[in-house]
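Colleague: Dropping a structure here in structure tokens format, bear with me for questions.
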Amino acid sequence: MKMRSIVPLVVTAALCLALGQLLGGEAKAPAAPGAKSETEWQKILTPQQFNVLVHHGTERPFTSELLHETREGTFVCAAAPDHTLFRSADKFESGTGWPSFTQAIAPEAVILRSDTSYGMTRVEVLCARTGLHLGHVFDDGPPPTGKRYCMNGVALKFVPKDGAAVAKPAPVAPKTEEKK
């Protein structure tokens, strides 16, 4: 490949990186009222929740119990069960393998910020109460909003309208070292 054809690619990549940083790709979320230290979150959350919520991980697709939840109710933050994020009326089957919603219950329930990780630009969704990672929102959803809030199921808990008890994940046994 000739040097003249590489230069525009390098310039474009540099501009994309600079734009991502300018839009806040490296910025931290604003301090949330329910924010805690990593040590505090580690004591409260399961290992999978900790990875997704605190370290911005992603659960494997098609593994969430909430993916096929169809009862009437609301979805709350797993780390702040008194903070409602989504309504079941706004949930839809996106085919992506993660619980998806057309909108948050209210704009102030979530924080949206630019995410330039993994070489792409996306909009990250954070819980406004805790500042923790929930998932991403995309512009390929159904009417009326055209949005797809693609959420990690472990970041949410379902609260049925009828008040029935919600099954909690089984506690994880602490790791023990094997004697040699």
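The values are calculated or read from the model by the stated rules, or taken from the named source; none is laboratory data. This structure is a prediction, so every number in the text was calculated from the model and none was measured. Glycine also receives a Cβ, built like all others from the backbone with ideal geometry; neighbour counts cover every protein chain displayed. Heavy atoms of the whole protein, side chains included, go into the accessibility calculation; ligands, DNA and RNA do not. Shrake-Rupley method; radii C 1.70, N 1.55, O 1.52, S 1.80 Å.
Colleague: Tell me which residues come under 5 Å, amide H to amide H, from His56 once H is placed; ignore anything under 5 positions away on its chain.
Modeller: His133
Colleague: Please give the solvent-accessible surface of Thr39 in Å², to the nearest 10, using a probe radius of 1.4 Å with every protein chain present.
Modeller: 90
Colleague: If you don't mind, another one. Residues of the stretch 95-109 with backbone nitrogen within less than 15 Å of a virtual label 7 Å along the Cα-to-Cβ line of Val123, please, listed as ranges.
Modeller: Of the residues in the stretch 95-109, 101-109 have backbone N under 15 Å from the label point off Val123.
Colleague: Also, I was wondering about something else. What distance in nm separates the simple spin-label points at Glu38 and Asp139, each placed 7 Å from Cα in the Cβ direction?
Modeller: A separation of 3.5 nm, rounded to one decimal place.
Colleague: May I pose another question? For a Förster distance of 30 Å, can you work out the FRET efficiency between the beta-carbons of Glu72 and Leu112, rounded to the nearest 0.05?
Modeller: Numbers: r = 26 Å, r/R0 = 0.88.
For R0 = 30 Å, the calculated efficiency reads 0.70.
Colleague: Tell me, what is the 1.4 Å probe accessible area of His68, in Å² to the nearest 10?
Modeller: 130
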